[in-house]
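Chemist: Quick one: the structure is below, and I'll ask about it shortly.
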Amino acid sequence: MSVTDTAKHLGVTRVALSRILNGSAGISADMALKLSDALGTSPELWIGMQTQFDLWRASQRQHKRVTRIFAGVARPRPAASRSSGGRRSRAAGRS
């Protein structure tokens, strides 16, 4: 099947599909849904592959390393959930 025929089947332009195939565009959620319908796969498969590719590509670029925020310091504990102390909100008191 040609790129043009596949693009027509998916309801996208040939250029849009070619950009994905050539690696100059990523797979969007909308495209993942189209591909999953057309190929009998899950959209999560396509999004997962795109995410893995994006992470790999980012790891290949030079970037400044960032130090840990809590390096050598105990992490703060999450605040306990706060209750209203038995008071009713204004909205709760209305009928």
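Each reported figure results from applying straightforward, stated rules to the coordinates on display, with no laboratory input. These numbers were taken from a predicted model, which means no experiment stands behind them. Ideal geometry is used to build each Cβ from the backbone, glycine not excepted, and the neighbour counts take in all protein chains shown.
Chemist: In what sequence, highest mean first, do 36-43, 64-71 appear when ranked by Cβ atoms within 10 angstrom?
Modeler: Ranking, from highest mean packing down: 36-43, 64-71.
Chemist: Next up: Quick one: give the max-minus-min coordinate of the C-alpha atoms of the stretch 3-56 along each principal axis, largest first, in Å.
Modeler: Here the spans come out as 30, 24, 13 Å, largest first.
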